[in-house]
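The values are calculated or read from the model by the stated rules, or taken from the named source; none is laboratory data. Nothing here was measured: the structure is a model prediction, and the numbers come from that model. Using ideal geometry, Cβ is built from the backbone for each residue, glycine included, and neighbour counts are taken over all protein chains shown. When the accessible area is computed, the model is the full protein with side chains, heavy atoms only, and any ligands, DNA or RNA have been set aside. Shrake-Rupley method; radii C 1.70, N 1.55, O 1.52, S 1.80 Å.
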Amino acid sequence: GGMEKIKQHTFALTHYTYTVLSTLKYANGAPVVRIYSDTDFSNPDVQGPIINFNVLDENGEVIGFSQVDKMASLYNIHVRTGCFCNTGACQMHLGISNEDIQRNLQAGHVCGDDIDLVDGRPTGSVRISFGYMSSFEDAQTFLKFITATRLSKSGTEIPFQFSVTKLTTESVPDDHPSFNNADELSPIPHISDRGLGNNSSATKMTVNWQPPEAEAESIRAAVSETAVPTCRRGGKPITVTNIYLYPIKSCSAFEVTEWPVGNQGLLYDRNWMVVNQNGVCMTQKQEPRLCLVNPSIDLKKKVMIIQAEGMDPISVSLEENIGKDTVICESKVCSHRVKTYDCGEGIADWFSLLLGHPCRLIRQSSDMKNRSHQKNTKGLASATNISLSLVNEAQYLLINVASILQLKEHISARLEEPLEIEELIRRFRANIVISAPEAFEEEEWAEISIGALRFQVVGPCSRCQIICIDQQSGERNKEFLQSLSAARGRKTNFGIYLMNQPLRSSFPDILSVGSQVLPVLEENTEIQPPTSNKEKCSG
């Protein structure tokens, strides 16, 4: 019908969504969203098919756009967030002054990051848009997402324009209020648990979203009871309980009891990654079955052995074989360009057969490891000279068992079924797991020492939908990210990023299970190790 019909079609969807969205209110009468617009959405000649808004809580406080984005992704909804390359409009509608822009920059906020709130004020917003291919069902799916995550338990009546009974069950599961069942987010072949009993997702080697206010208050109260103290209570030592590396990015963990430390982190951690036929990095977000690929490293034989259920094992040499016929590639990891080389046809065929579509295995070359950490490192002087492998943010990720246990209680209660702590540890895909006495006390640390190794804390790890994936079956369940967001008061932070500091001793660069962890608080108050011989832990 031409552009005129497209304009009428997209505007009708936009007007419908705007009308419903602007009438959604909490039980106390507070609006669910704040819409930013220069028009009243009555004329398609002056209003395009977009809606720009921020989601609010029951008290009128803005919920950060990055949290909205993460929750929307669980529903297969793609939104754009930030200032949309329009700083002037962003300042005008959000009331951001030039001085605020400078303060936000000093707080570490740059275009494209996840810093969505500074001192409680938004740095950007959320935008949805409709195109010629968009349908009425798409608009309903988006509105169902908003109501399910904001109004599902508030008792608020849905406006007459928005009939829940008419929502398409094909695109949105019916179990939204409680999310008790694991559900697939995208059409992927079914992955059976049968036969995986002996195929642990971690090979071992010896060498929210805001909940309704009443629920939120109880969760925050539980968290505050074990909030990080200015100095640790009790004298129990903190020790390393588990060490994991992930030789192939987004594939299964390889658990070890001790492991060499290189200049990029744990030796061979995320040195390889799987890419599609266009050379784009594949992760569990797009291909959950990557978690069923089990790589292990044999340092003596200098090979990586890769296994998966129903596939013959295949090995890849740890020694670099860059010759004149080697294909040099350029890929991107979280907007960083990295140079790699292709690992050959044999392993490409293996992964293509396993995943059912063309893909290849590539590796970062030792003479191409020029990625450096550019983010705020809380005073790490040599940060710009620190090299990264194919990780997203930093060399190491650390989590605390006490924090896992506290989160486990919340998730188990919401799932109404028991949950094993080992499963949660696997979902959070850390390099270092420690046993500190207090939940979330690790978030107050500025640096830590483990044996002869010293690490700078870079900052918290903001979690994405990968924690929703069961690392032994590949099945997804939205509840994990939503429970984390609820337990942490809107944010999805869990665990801390670490970077190596240069060694100042002659000890070998080895990280071991059982080693004692000595943290330094942000106030520069060092936590002393216990003096009792009975409480000392071997390093």
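Table for the structure above
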quantity: Residue within the range 78-86 that is under 19 Å from Tyr36 (Cα atoms) and charged (D, E, K, R) present; calculated: yes
quantity: Residues of the range 434-477 classified as open to solvent by less than 30 Å² (accessible area, probe 1.4 Å) and either outside the structural domain of Leu290 (by the TED database) or at positive phi (or both), total; calculated: 3
quantity: Scan of the range 125-137 for residues that are in contact with a Ser or Thr (Cβ under 8 Å, 6 or more places away or on another chain) and either on the phi > 0 side of the Ramachandran plot or of a type outside the set (Gly, Ala, Ser) (or both), ordered by number; calculated: Val126, Arg127, Ile128, Phe130, Tyr132, Glu137
quantity: In the range 246-255, the residues that are outside any loop (DSSP other than H, G, I, E, B) and surrounded by 24 or more Cβ atoms within 10 Å (Cβ to Cβ); calculated: Ile248, Ala253, Phe254
quantity: Selected residue (criterion: nearest to Arg121 (Cα to Cα)) from residues of the range 24-59 that are open to solvent by 60 Å² or more (accessible area, probe 1.4 Å) and not in a loop (DSSP other than H, G, I, E, B); calculated: Arg34
quantity: Test: Asn54 is at pLDDT 85 or above and over 24 Å from Asp38 (Cβ atoms); calculated: no
quantity: Matching residues, the range 256-293, being small (Gly, Ala, Ser) and part of a strand (DSSP E or B); calculated: Gly262, Gly265
quantity: Residues satisfying the stated conditions in the range 87-128, i.e. under 24 Å from Ala72 (Cβ atoms), open to solvent by 40 Å² or more (accessible area, probe 1.4 Å) and modelled with pLDDT under 85; calculated: Thr87, Val110, Cys111, Gly112, Asp114, Ile115, Leu117, Gly120
quantity: Residue within the range 66-76 that is in the same structural domain as Thr123 (by the TED database), under 18 Å from Tyr16 (Cβ atoms) and in contact with a strand residue (DSSP E or B) (Cβ under 8 Å, 6 or more places away or on another chain) present; calculated: no
quantity: Residue in the range 315-335 that is over 24 Å from the mean Cα position of the chain (by Cα), modelled with pLDDT of 90 or more and not in a strand (DSSP E or B) present; calculated: yes
quantity: Test result for Gln465, modelled with pLDDT of 85 or more and under 30 Å from Glu61 (Cα atoms); calculated: yes
quantity: Test result for Phe480, surrounded by 19 or more Cβ atoms within 10 Å (Cβ to Cβ), farther than 22 Å from Glu416 by Cβ and of a type in the set (Phe, Trp, Tyr); calculated: no
quantity: Some residue of the range 495-509 being open to solvent by less than 10 Å² (accessible area, probe 1.4 Å) and touching a Cys at 6+ places or on another chain (Cβ under 6 Å); calculated: yes
quantity: Residue ID - farthest from Asn263 (Cα to Cα), chosen from residues in the range 390-430 that are within 14 Å of the chain's Cα centre (by Cα) and either part of a loop (DSSP other than H, G, I, E, B) or not assigned by the TED database to the domain that holds Asp269 (or both); calculated: Arg429
quantity: So Asp57, is it acidic (Asp, Glu) and in contact with a strand residue (DSSP E or B) (Cβ under 7 Å, 6 or more places away or on another chain); calculated: yes
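Yes/no matrix, rows are residues, columns are (1) within 25 Å of Leu498 (Cβ to Cβ); (2) in the same structural domain as Arg463 (by the TED database); (3) open to solvent by 30 Å² or more (accessible area, probe 1.4 Å):
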| residue | (1), (2), (3) |
| --- | --- |
| Leu267 | yes, yes, yes |
| Pro288 | no, yes, no |
| Ser296 | yes, yes, no |
| Ile314 | no, yes, yes |
